1. Out of all the residues in the stretch 141-165, which are surrounded by 15 or more Cβ atoms within 10 Å (Cβ to Cβ) and hydrophobic (A, V, I, L, M, F, W, C)?
2. Have a look at H22, H9 and point out the one that is surrounded by 14 or more Cβ atoms within 10 Å (Cβ to Cβ) and at pLDDT below 95.
3. Do we have any residue at all in the stretch 35-57 that's in a helix (DSSP H, G or I) and not hydrophobic (A, V, I, L, M, F, W, C)?
4. Among the residues of the stretch 213-234, how many are assigned to a helix (DSSP H, G or I) and small (G, A, S)?
5. Please work out which one of (1) out of contact with any helix residue (DSSP H, G or I) (no Cβ under 8 Å at 6 or more places or on another chain); (2) modelled with pLDDT of 95 or more is the condition S181 fails and give its number.
6. E29: closer than 17 Å to R144 by Cβ, part of a helix (DSSP H, G or I) and either at pLDDT 95 or above or of a type outside the set (K, R) (or both), yes or no?
7. Give the residue that is farthest from E152 (Cα to Cα), with candidates limited to residues of the stretch 100-130 that are at pLDDT below 95 and of a type in the set (A, V, I, L, M, F, W, C).
8. Just for the stretch 199-247: of the residues that are of a type in the set (V, I, T) and farther than 19 Å from R144 by Cβ, which one is surrounded by the most Cβ atoms within 10 Å (Cβ to Cβ)?
Amino acid sequence: MASLNTPKHRFFAPPEQCTPDHVVLPMDEARHAIKVMRLGVGDEIVVVDGAGSTFHVELETLAGKRAVGRILSRTSDAGEPKQPIHASMALVKNASRWEVFLEKAVELGCTRITPLLTQRTLKVRFNRRRSQAILVAALKQSGRSRLPVLDEPTKIRQILKDKDDDTVGLICHEASSESGSLSTVLSQAHSGVSLLVGPEGGFTEEEVSLADDAGYNRIWLGARRLRAETAAIAALAVISQLVDVEK
């Protein structure tokens with residue numbers, strides 16, 4: 001039997017379409033398997049359910065828009081971080097930049113994503129359906145097994161209020177003299193990470209002060225001015241690596 005690490009076509013099927021023995025691909029995934037990938041009976045694929053299970057599947061039925069496969073083996077929590085990573089980024093006017101952030105956040109191990117509303121946020125809504133589709137595509141591409149939670153737009157005060165005491169809070173801030181390095185901050189014992197990234201104009205001093213009071217650590221990402229999504233991706237790349245290192 002081939003290993004789950006062997007490169008194969010990857011598909012998504014939610015838990016309700018996965019039984020102990022078989023997987024029924026959603027209509028759009030079945031269409032892709034049949035019409036685009038030209039897969040046939042007996043071909044083996046990988047199916048992820050977004051709830052932690054990854055299945056090695058042999059296709060048994062391919063007809064019209066229906067694709068059913070027999071489960072050969074399964075693994076749990078493949079590609080998942082060792083601790084939860086919550087990224088809250090202010091919504092930006094350019095939708096394509098928000099979508100880049102979503103894709104990379106999944107690839108870098110985010111378990112929860114919150115569109116953040118701040119005093120300088122210029123956009124308060126986003127396309128949830130398209131955003132969810134981007135998360136699913138990134139889930140398949142990245143080899144992860146759990147689909148991140150995608151929140152509704154949330155005010156920064158609520159995020160600060162909801163943070164658990166054992167979660168390390170990080171807020172991107174350009175004041176280098178008052179900010180610490182990610183590696184230093186994450187060397188503390190913790191049970192998860194909450195990252196805040198502001199809009200193009202940055203957080204207001206009031207918001208930074210509120211984050212200070214809530215126990216968030218200011219982090220500095222260098223001397224250059226970064227776009228919101230660049231700052232989020234840069235921070236998440238380091239967080240992901242450090243979180244996955246055994247303590």
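The values are calculated or read from the model by the stated rules, or taken from the named source; none is laboratory data. All values derive from a computational prediction rather than experimental measurement. As a convention, Cβ positions derive from the backbone with ideal geometry for all residues, glycine included, and neighbour counts pool all protein chains shown.
1. L147, L150, I156, I159, L160
2. Numbers: H22 fails: at pLDDT below 95.
Just a single option satisfies the conditions, and that option is H9.
3. Here is the first cut: in the stretch 35-57, the residues in a helix (DSSP H, G or I) are 35-36.
Okay, now just the ones that are also not hydrophobic (A, V, I, L, M, F, W, C), so 35.
Scanning the stretch 35-57 turns up at least one residue that is in a helix (DSSP H, G or I) and not hydrophobic (A, V, I, L, M, F, W, C).
4. Applying the first criterion (assigned to a helix (DSSP H, G or I)) to the stretch 213-234 yields 213, 228-234.
The next check asks that each one be small (G, A, S); those that pass are 228, 231-232, 234.
So the answer is 4.
5. Going through (1) out of contact with any helix residue (DSSP H, G or I) (no Cβ under 8 Å at 6 or more places or on another chain); (2) modelled with pLDDT of 95 or more one by one, S181 breaks only (2).
6. On the way: closer than 17 Å to R144 by Cβ: yes; part of a helix (DSSP H, G or I): yes; either at pLDDT 95 or above or of a type outside the set (K, R) (or both): yes.
Spelling it out, E29 is indeed closer than 17 Å to R144 by Cβ, part of a helix (DSSP H, G or I) and either at pLDDT 95 or above or of a type outside the set (K, R) (or both).
7. Filtering the stretch 100-130 for residues that are at pLDDT below 95 and of a type in the set (A, V, I, L, M, F, W, C), the one farthest from E152 (Cα to Cα) comes out as L122.
8. First, the residues of the stretch 199-247 that are of a type in the set (V, I, T): 204, 208, 219, 230, 233, 238-239, 243, 245.
Retained after the next criterion (residues that are farther than 19 Å from R144 by Cβ): 204, 208, 219, 230.
Working: T204: 14, V208: 19, I219: 23, T230: 17.
Top of the filtered list is I219.
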